[in-house]
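Have a look at the structure below, then the notes.
The values are calculated or read from the model by the stated rules, or taken from the named source; none is laboratory data. These numbers were taken from a predicted model, which means no experiment stands behind them. Methodologically, a virtual Cβ is constructed for each residue, glycine included, from the backbone with ideal geometry; neighbour enumeration extends over all protein chains shown. Areas reflect the complete protein model, heavy atoms only, side chains present, ligands, DNA and RNA absent. Shrake-Rupley method; radii C 1.70, N 1.55, O 1.52, S 1.80 Å.
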Amino acid sequence: MAPDATVKNDRSPKDQSEIGSSTESTPPGSRVNSIHSLNDLDVSENSSSSAMSKQYASRKTLAGRSKIPYSMYSIAALVIGAQWSGGIYSFEVMESVGNSLRTAAHSTWSSLEYLRDLTHAVCTGQSKDPIEIITAAFATLCFGCCFFVLFIVPIRAGMWTGTRARRHKIHRYLGLIFLIQYFAAWVEYICNYDEGGKDSYLSHFVGMNGVIQGVSAYFSFKVLPTLTDPGYYSDKAVLSRSFVHENTFFTTLTFLGSCLYHDTVRTNMLSNPVGRIVMFCFCYWMYAVVRPLFPVTSFSNAGSRQSGRTKKNEEFYRIGTLMVKFFYLWAKYFLGFVLNWVIYLGKADEKDMFFVRGLYLLNVGTVSISVFLHTLRFKKALPPTLTFSIYLGQIYGTFLALPYIYNLFVDHKMLMALGVLGLMVNMARNRYYHAMWCGLCVYLVEFSDIDW
């Protein structure tokens with residue numbers, strides 16, 4: 001199909017009435033005769049052909065968009081290989097997950113009862129301890145805000161109820177299950193870490209559900225525009241399907257992280273040839289071998305779409321995009337490569353792993369819930385600046401753990417030096433240079449006599 005080919009109008013009027021962001025659809029009544037929404041077609045007739053080609057990356061028929069890209073096969077191979085070699089496919093693991101959910105539910109109920117009694121004591125003057133007052137206020141604020149944003153607002157917007165919830169049921173309700181799993185994983189981490197939380201498989205299945213959500217979003221919302229502008233860093237534009245596709249790569253990274261950070265799964269994988277290949281790929285070659293199979297939505301193209309940003313929020317999103325770019329580079333090389341090498345080499349103790357697993361929960365939530373927040377913005381359920389601010393808060397929340405894992409970086413200066421070198425190579429924006437850096441890392445970490 002040539003790039004200029006128009007889209008075959010092979011959908012019913014009911015099908016054309018909804019175009020999702022990544023987890024939802026546009027308001028009913030939208031009439032779509034091509035894969036591009038009306039907002040994305042706000043291009044003047046005098047625009048040059050070069051500008052148009054930059055604006056629209058490609059156009060395909062809906063039938064063409066249903067084809068399975070090679071990237072999805074790579075995800076399937078990595079996920080199945082990791083779970084099979086890691087011993088996930090067993091009754092004991094399923095039983096452990098069920099126990100984790102029950103424990104989290106009991107802990108949640110007990111915590112709510114405690115918070116109720118504490119709040120009552122503070123309000124009636126029975127308790128005047130400043131620490132208890134601050135604890136009651138902070139806990140109530142955090143729980144109330146999270147519950148309102150992630151559950152009350154989506155229900156009011158018709159995410160899981162009403163006539164529009166009949167579309168894309170699997171994607172919608174697996175998204176709801178993801179939120180419940182994610183909440184339960186945090187409860188278990190905070191309340192029961194030493195009593196079994198550190199060995200729980202629940203966080204692994206949170207990552208697994210994140211992968212499923214990303215893949216189902218890609219195949220559920222074929223009519224999203226395929227643009228070089230990701231659409232996420234804007235207050236009016238819809239998501240590009242390339243961004244949704246690209247996000248599946250990062251959900252796969254978080255899934256593999258759950259395997260590396262779980263002691264039993266990591267041990268099983270490293271004792272299995274298939275598992276060693278998957279772990280080797282995750283620790284060294286993901287960006288050189290797997291990443292090229294996915295589209296790239298550059299930060300430099302963010303907000304390039306005409307009418308994608310309002311003038312009053314242009315500066316807000318410009319600064320926010322720079323903040324995301326800085327975090328991405330930091331997270332890729334230091335929270336990614338360097339931290340993973342430390343764990344892969346067995347250099348992290350149990351105290352370090354407590355904070356590493358907390359970072360993982362922040363990360364897996366950021367990757368999947370960020371797109372969910374965009375859906376709430378798209379449906380006008382929440383203000384765009386609020387949803388983007390929450391996303392920025394999520395990613396920069398990882399810095400709260402740095403004082404506690406500071407020694408992981410300071411005690412492994414040579415690994416840090418490799419990370420800095422990789423960051424410098426990244427500035428060249430050449431995948432072959434990056435592949436050479438990956439090969440150098442393999443040689444130095446795996447085969448040299450350097451004491452890391």
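A few remarks follow.
- In this structure, the residue pairs whose Cα-Cα separation is over 29 Å, taken from Lys67/Lys311; Lys312/Lys380; Lys198/Lys347; Lys332/Lys380; Lys332/Lys379; Lys67/Lys169, are Lys67/Lys311; Lys332/Lys380; Lys332/Lys379.
- Residue-span extension gain [Phe447 to Ile80] - 0.36 nm each, minus C-alpha spacing: 129.3 nm
- Helix content alone sets the calculated 222 nm mean residue ellipticity of the chain: runs of n ≥ 4 DSSP H residues at -39500 (n - 2.57) each, divided across all residues, give -19000 deg cm²/dmol.
- The length gained by stretching the chain between Ser271 and Glu315 to full extension, at 0.36 nm per residue less their Cα-Cα distance, is 10.7 nm.
- Note on Tyr70 and Phe299: with the Förster distance fixed at 30 Å, the Cβ-Cβ geometry gives a FRET efficiency of about 0.75.
- Within the accessible surface of the chain, defined with a 1.4 Å probe on protein heavy atoms only, the carbon and sulfur portion equals 63 percent.
- Accessible surface, per residue, of the chain when the full set of protein chains is kept, probe 1.4 Å, Å²: 48
- Computed packing ranks the peptides 144-150, 123-129 as 144-150, 123-129, most packed first, by mean other Cβ atoms within 10 Å.
- Which label in (1) 153; (2) 282; (3) 169 gives the computed volume of the Cα convex hull per residue in Å³: (3)
- Applying 1/(1 + (r/R0)^6) with r as the Cβ-Cβ distance of Phe399 and Thr161 and R0 = 41 angstrom yields a FRET efficiency of 0.65.
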